[in-house]
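Visitor: Mind having a look at this structure? Questions to follow.
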Amino acid sequence: MSENDRPTFDIAVPSKDPEKKEGQDKPNGNVNGDLKGKGKDDGKDDEVSDMSEEDLQLKAELEMLVQRLKESDTSLYLPALESLRTLIRTSTSSMTSVPKPLKFLRPFYEELGKVRESWNQDLKEQRSLLASILSVLAMTYSDTGKRETLFYRLLSGTEEAPGLWGHEYVRHLASELGEEYNSNYANETDEIEGIEKPEELKYTTEQLKSLSLELVSFFLKHNAEADAVDILLELENVHDIIELTDDKNFERVCRYMVSCVPLLVPPDDAAFLETASKIYAKYDRYPEAIALAVRLNSPALIRQYFEAPKNPVMKKQLAYFLARAQIPLHWVHTAEDAETAEEEQPPTQEEDVLECLGNVKLSNHFRNFGKAVGVEEPRALEDIYKSHLEPNRTTQTADSARQNLASTFVNAFVNAGFGNDKLMVNAPEGQSYIYKNKDHGMMSATASVGLSLLWDTESGIDHIDKYTYSPEEHVKAGALLATGIFHAGVRTESDITYALLEEHVDSKSISLKLSAINGLGIAYAGSCRKDIAEKLLPHIADETNTMEVAAMSALALGFVFVGSADGEIASAILQTMMEREETQLASEWTVFICLGLGLLFLATQEDSEPTVATLKVIEHPIASIAETIVDVCAYAGTGNVLKVQQMLHLCAEHAEKPKKETSNGETAPVAAEGEGPAAAAVADAQGDVNMSGETTGQPITAPEPAAGESTAAAATSSEEAAGEDKDKEEKDKVDSLKYQAFATIGIALIAMGEDVGAEMALRQFQHLMTYGDPVIRKSVPLALGLISASNPQLSILDTLSKYSHDSDLDVAINSILAMGLVGAGTNNARLAQMLRGLATYYAKEPDCFFMVRIAQGLVHMGKGTIGINPYFSDGQVMSRTAVAGLLATIVSFTDARKFVLDKHHWQLYWLVTAMYPQFLITLDEELEEKPVTVRVGQAVNTVGLAGTRHGISGFQTHQSPVRIGTGERAELGTNEFFPYQTVLEGLVILKKNEQYDAEDMQN
């Protein structure tokens, strides 16, 4: 059809708009402009026309019931109220809309309140029921801020469960209850400040708390455990939840409470741990209860839960856990010949329980584990270095003492615990690596025998005995240290270590004395033994002793009494810090006195405050270092945000600018290092500002100019003469800022217990590295090593790899150590490749090359079976002894060139207290090893999730024993056995499931 053939039509359009009919110009909503309909309803007719017949009928019925309540006939009140209650409770609605009865009754809310007031006091039941209905109606008026839902609920005095009015009502009531308590009752400010409130709004605290318990029991029955715990936290009576839990919900309650702990402030965090431990104990879950008691470091609770189970096998399982946590033996066991003044001393434990408590069989289990995973054969150094893979490898220089020393350490760390290495223990006569080292190197080499024989107390003594008779003093000193090393974490009944070392503590030879003191510290870390305190305290107080001896004695006591907050030792250390002369306190060793003091208060929080207050009195700069160390140790692993902020403030401080005299006698400020155009030019040229006053090694590149050298050309000879004074001022400046190093490490120490905090700390470290002074820059890598020990996260590895090429060699050295700590015992291939690259890069720089070798040894520690992460039991419990060892090693690297890179490389052996096998070994009830099927995968956080979730993802199935790395979790593959503890880690005893039928499972 063509265009012209299409039919057309004419449409008539009126010239004027049609006129509105009457009543059409009313706006939607009410005439008074109240679109939401909150006021009295004047536009009823329109609303009515939109309603269904059912709604109209309901609306009329509700209005009639309200009308009845206004009449004078009191007999109508109760039936009317009961009808209202039934209508409200039976109304159903979608999640997004208000129930119809509440919507229709809303306009009468205020009127009903007045009606109730007008009723006679005798109508108790009616007044109570109307108050309950008003409490529900008040939800629709919640934006007024008067909290009337709570007001009418308490006014009604009803004993009806709040849950009968529905879940939303209970949640609303809980939120108002928390607000009311926080605003008026939390600090009882209403009494103190004399705030005037209406008489009837003054509820008693008991009223609020009893109502909260009603809400909690409703929440617990309806799988809202988090809401239940939160309301009790707000009302500060979380311990009341113990009575309300049952065998179905207690586990979810406890897991939620424990996950809240890092986010709480004292004393709520301790209250949560204690409450959760009591709930676990109530349902005979003693392994979980004792784990929380260990976190609290409470001797009374640990003893209570250890003695509670009647099953002897369960007691052995708890003993294995306490041995892993390095709990002082006298908390749960009294030796037969012991004389104690305590009235209630723990009972004497049986011999088989003592074996478990003392970790006596740890060496056997570890070696069996090594055989099972195929690593029992000793590893040669070349297997670790893989020199043929190092890119652009130049011909190796002749054996130097320094390289032999590095090889000694690598051999010791790699073959630790297996006792079969070829360089030391099984070396042919006369070819031991001890004699390939010189002087102090011989001491470290002899001590490495102890590391190779780690935990093997029987053959360890036989191997090391011959060295104790050596005419060479360094070999003898190394033998004493080795004796302490292979007893680390093992408590034998014979107590041979103390017998062998105590006489040498008073030796006239400084090197023997230091070895004996450190041997005692490492062997008895965490044991809180009074006889060791009596032996070492005189060495701290004796002013004729060098600072070196006093510092090592203080540190050894810090190891032995870690986290005990022992007042006697703390006052002795404070006393010596006050009495020593300034020149002595200026020694580089003094920092270890501070660390010893800090370790006493590890994770004790407020208990450290008197000590910190005392340190403020000391005027020497060392006091600020001690204060920082004690402060960060006290809050280790707590994730306390305020403390982290405090440490960041300390890191932001800059030294005052030194003054120089002008020609007219006035003083003018001089640009401090890192400020002004000269330093900026140096920074631009080299990328980073170099350390001042502390670098002694030669850099790879050409020597870097000191701060201010660019202006030296214009300086006169008289100004050059004053150069020495300036150097001294620069050194003083670095010393005055030394505490910033410990503040930086402290951020990692505080944040490492909590994932979110640890992640945020990493971002802060990037800022500190960019803008911090040199003293902070060289501490940041150490902090990264601490916050992620034995946990090689990709982002941290890349960051450390970048820092390891820094133009400031101190930063590079610490970064290389941190790479070793982060990858310790993981055999991480990417990290091993990075270190091989660094070995080539630093081939001509002896200090850095030495550290690369040490890091390679750490990465392959125990051939990949030993880790140094201080957290165990699914990352829930912090080992105080492990933190002590890590911290001591890291602190020695704040001044590496005076300690580890000088003559005190034996300080690397402090890591021994943090070394522990990363295994799961399953035992039967006779404590014999029992291979079973287990699944190992990445741990998944299931706290607060609905339903029963799998705790692991991406798992692999193995036969036990298996390796459990940081961040991994294990589950039993079948129901053939029940474990005595739910966290499958370390040594776990299994119970046979009598109901299990393998054929049924296959079918």
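Visitor: Picking from A516, A499, which residue would you name as being out of contact with any Gly (no Cβ under 7 Å at 6 or more places or on another chain), assigned to a helix (DSSP H, G or I) and surrounded by fewer than 22 Cβ atoms within 10 Å (Cβ to Cβ)?
Guide: Among A516, A499, only A499 is out of contact with any Gly (no Cβ under 7 Å at 6 or more places or on another chain), assigned to a helix (DSSP H, G or I) and surrounded by fewer than 22 Cβ atoms within 10 Å (Cβ to Cβ).
Visitor: Of the numbered conditions (1) open to solvent by less than 10 Å² (accessible area, probe 1.4 Å); (2) not in a helix (DSSP H, G or I), Y169 satisfies every one except a single condition; which is it?
Guide: Single failed check for Y169: (2).
Visitor: Would you mind telling me which numbered condition in (1) closer than 25 Å to K643 by Cβ; (2) at pLDDT below 90; (3) out of contact with any Cys (no Cβ under 9 Å at 6 or more places or on another chain); (4) open to solvent by less than 70 Å² (accessible area, probe 1.4 Å) R580 fails?
Guide: That leaves (1) as the condition not met.
Visitor: Considering only residues of segment 750-793 that are among the hydroxyl-bearing types (S, T, Y) and without any contact (Cβ under 8 Å) to a residue 40 or more places away in the chain, which is surrounded by the fewest Cβ atoms within 10 Å (Cβ to Cβ)? Before you say what the answer is, go through the steps one by one.
Guide: If we filter segment 750-793 for residues that are among the hydroxyl-bearing types (S, T, Y), which is where we start, we get 770-771, 779, 788, 790.
This time we only want the ones that are without any contact (Cβ under 8 Å) to a residue 40 or more places away in the chain, so: 770-771, 788.
Numbers: T770: 10, Y771: 12, S788: 24.
My answer is T770.
Visitor: State all residues of segment 295-329 that are open to solvent by less than 50 Å² (accessible area, probe 1.4 Å), without any contact (Cβ under 8 Å) to a residue 60 or more places away in the chain, in a loop (DSSP other than H, G, I, E, B) and of a type outside the set (A, V, I, L, M, F, W, C); if no residue qualifies, say none.
Guide: Across segment 295-329, the qualifying residues are S298, P309.
Visitor: Now for a different question. Counting only residues that are open to solvent by less than 60 Å² (accessible area, probe 1.4 Å) and touching a residue at least 24 places away in the same chain (Cβ under 8 Å), how many does segment 231-245 have? Before the answer, list the steps.
Guide: As a first pass, look at segment 231-245 and keep what is open to solvent by less than 60 Å² (accessible area, probe 1.4 Å): 231-233, 235, 237-238, 240-242, 244-245.
Within this subset, residues satisfying the condition of being touching a residue at least 24 places away in the same chain (Cβ under 8 Å) are 231, 233, 235, 237-238, 240-242, 244-245.
Adding up the residues that qualify gives 10.
Visitor: So F850 passes all but one of these: (1) part of a helix (DSSP H, G or I); (2) under 31 Å from the mean Cα position of the chain (by Cα). Which condition number does it fail?
Guide: All conditions are met except number (2).
Every residue, every condition in (1) part of a helix (DSSP H, G or I); (2) out of contact with any Asp or Glu (no Cβ under 8 Å at 6 or more places or on another chain), yes or no:
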| position | (1), (2) |
| --- | --- |
| L102 | yes, yes |
| G113 | yes, yes |
| R116 | yes, yes |
| I133 | yes, yes |
| M139 | yes, no |
| R153 | yes, yes |
| E159 | no, yes |
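Visitor: Conditions: (1) out of contact with any Phe, Trp or Tyr (no Cβ under 8 Å at 6 or more places or on another chain); (2) open to solvent by less than 30 Å² (accessible area, probe 1.4 Å); (3) closer than 30 Å to K209 by Cβ; (4) not hydroxyl-bearing (S, T, Y). L65 meets all but one. Number of the miss?
Guide: So the condition that L65 fails would be (3).
Visitor: I've got another one for you. If you go through segment 947-975, how many residues are open to solvent by 70 Å² or more (accessible area, probe 1.4 Å) and in contact (Cβ under 8 Å) with a residue 24 or more places away in the chain? If you could, list the steps in order and put the result at the bottom.
Guide: Start the filter on segment 947-975 by keeping residues that are open to solvent by 70 Å² or more (accessible area, probe 1.4 Å), which leaves 948-950, 954-959, 963, 975.
Next cut, in contact (Cβ under 8 Å) with a residue 24 or more places away in the chain only: 957-959, 963, 975.
Qualifying residue count, segment 947-975: 5.
Visitor: With respect to the numbered conditions (1) farther than 19 Å from V591 by Cα; (2) in contact with a Ser or Thr (Cβ under 6 Å, 6 or more places away or on another chain); (3) assigned to a helix (DSSP H, G or I), which one is the sole condition not fulfilled by A783?
Guide: (1) is the only condition that A783 fails.
Visitor: Being in contact (Cβ under 8 Å) with a residue 12 or more places away in the chain and touching a Cys at 6+ places or on another chain (Cβ under 9 Å) is the requirement here; does V891 meet it? Steps first, please.
Guide: Details: in contact (Cβ under 8 Å) with a residue 12 or more places away in the chain: yes; touching a Cys at 6+ places or on another chain (Cβ under 9 Å): yes.
When the stated conditions are applied, V891 passes them.
Visitor: Sticking with this one: Right, G558: touching a Ser or Thr at 6+ places or on another chain (Cβ under 7 Å) and open to solvent by less than 10 Å² (accessible area, probe 1.4 Å) or not?
Guide: Working: touching a Ser or Thr at 6+ places or on another chain (Cβ under 7 Å): no; open to solvent by less than 10 Å² (accessible area, probe 1.4 Å): yes.
Against the criterion (touching a Ser or Thr at 6+ places or on another chain (Cβ under 7 Å) and open to solvent by less than 10 Å² (accessible area, probe 1.4 Å)), G558 does not qualify.
Visitor: For the condition modelled with pLDDT under 50 and open to solvent by less than 40 Å² (accessible area, probe 1.4 Å), what is the one hit in E666, E673, E661? Please lay out each step first, then the result.
Guide: Details: E666 fails: open to solvent by less than 40 Å² (accessible area, probe 1.4 Å); E661 fails: open to solvent by less than 40 Å² (accessible area, probe 1.4 Å).
Of E666, E673, E661, the one residue that is modelled with pLDDT under 50 and open to solvent by less than 40 Å² (accessible area, probe 1.4 Å) is E673.
Visitor: Here's something else I'd like to know. Could you please let me know if D50 is under 26 Å from Q126 (Cβ atoms), surrounded by fewer than 12 Cβ atoms within 10 Å (Cβ to Cβ) and at pLDDT below 80? Show your work before the answer.
Guide: On the way: under 26 Å from Q126 (Cβ atoms): no; surrounded by fewer than 12 Cβ atoms within 10 Å (Cβ to Cβ): yes; at pLDDT below 80: yes.
No; evaluated as a whole, the condition is false for this residue.
Visitor: Please determine, by comparing only the residues of segment 122-161 that are touching a Leu at 6+ places or on another chain (Cβ under 8 Å), farther than 22 Å from P99 by Cα and free of Cβ contacts under 8 Å to residues at least 40 places away in the same chain, which one is surrounded by the fewest Cβ atoms within 10 Å (Cβ to Cβ).
Guide: Looking at the filtered set, the residue picked out is T158.
Visitor: Residues in segment 201-217: is at least one closer than 24 Å to Y635 by Cα, open to solvent by 30 Å² or more (accessible area, probe 1.4 Å) and not in a helix (DSSP H, G or I)?
Guide: Among the residues of segment 201-217, not one is closer than 24 Å to Y635 by Cα, open to solvent by 30 Å² or more (accessible area, probe 1.4 Å) and not in a helix (DSSP H, G or I), which makes the answer no.
Visitor: Determine the pairs where a residue that is in contact (Cβ under 8 Å) with a residue 12 or more places away in the chain, located within segment 101-121, has a partner that is crowded, with 16+ Cβ neighbours inside 10 Å and of a type in the set (V, I, T) with Cβ atoms under 6 Å apart, the partner being 6 or more residues away or on another chain.
Guide: P101/I88; L102/T140; R106/T140; F108/V66
Visitor: Please go through segment 794-817 and pick out each residue that is surrounded by fewer than 23 Cβ atoms within 10 Å (Cβ to Cβ), among the acidic types (D, E) and assigned to a helix (DSSP H, G or I).
Guide: Hit for segment 794-817 is D798, nothing else.
Visitor: Can you name every residue in segment 534-555 that is touching a residue at least 12 places away in the same chain (Cβ under 8 Å) and open to solvent by 10 Å² or more (accessible area, probe 1.4 Å)? Don't jump to the end; show me each part of the working.
Guide: Within segment 534-555, the first condition is being touching a residue at least 12 places away in the same chain (Cβ under 8 Å), and the residues that meet it are 535-537, 539-541, 543, 546-555.
Once the filter is applied, which keeps residues that are touching a residue at least 12 places away in the same chain (Cβ under 8 Å) and open to solvent by 10 Å² or more (accessible area, probe 1.4 Å), segment 534-555 yields K535, L537, H539, A541, E543, T546, M547, E548.
Visitor: A further question on this structure: Which of the numbered conditions does A479 fail, given that it passes all the others? Conditions: (1) assigned to a loop (DSSP other than H, G, I, E, B); (2) in contact with a Ser or Thr (Cβ under 7 Å, 6 or more places away or on another chain); (3) open to solvent by less than 10 Å² (accessible area, probe 1.4 Å).
Guide: (1)
Visitor: Let me ask you something else. For A270, are the conditions met, namely being surrounded by fewer than 19 Cβ atoms within 10 Å (Cβ to Cβ) and in a helix (DSSP H, G or I)?
Guide: Details: surrounded by fewer than 19 Cβ atoms within 10 Å (Cβ to Cβ): yes; in a helix (DSSP H, G or I): yes.
The answer is yes for A270.
Visitor: If you don't mind, there's one more thing I want to ask. State yes or no: is G820 surrounded by 22 or more Cβ atoms within 10 Å (Cβ to Cβ) and more than 21 Å from A896 (Cα to Cα)? Lay out the reasoning, then the answer.
Guide: Details: surrounded by 22 or more Cβ atoms within 10 Å (Cβ to Cβ): yes; more than 21 Å from A896 (Cα to Cα): no.
For G820, the condition - surrounded by 22 or more Cβ atoms within 10 Å (Cβ to Cβ) and more than 21 Å from A896 (Cα to Cα) - is not met.
Visitor: What number of residues within segment 897-920 satisfy the criterion of being open to solvent by 10 Å² or more (accessible area, probe 1.4 Å) and among the hydrophobic types (A, V, I, L, M, F, W, C)?
Guide: Number of matching residues: 2.
The values are calculated or read from the model by the stated rules, or taken from the named source; none is laboratory data. Predicted model, so just to flag it, every value in this text is computed and none were measured. Neighbour counts run over all protein chains shown; Cβ positions are idealised from the backbone, glycine included. Only protein heavy atoms, including side chains, enter the accessible area calculation; ligands, DNA and RNA are left aside. Shrake-Rupley method; radii C 1.70, N 1.55, O 1.52, S 1.80 Å.
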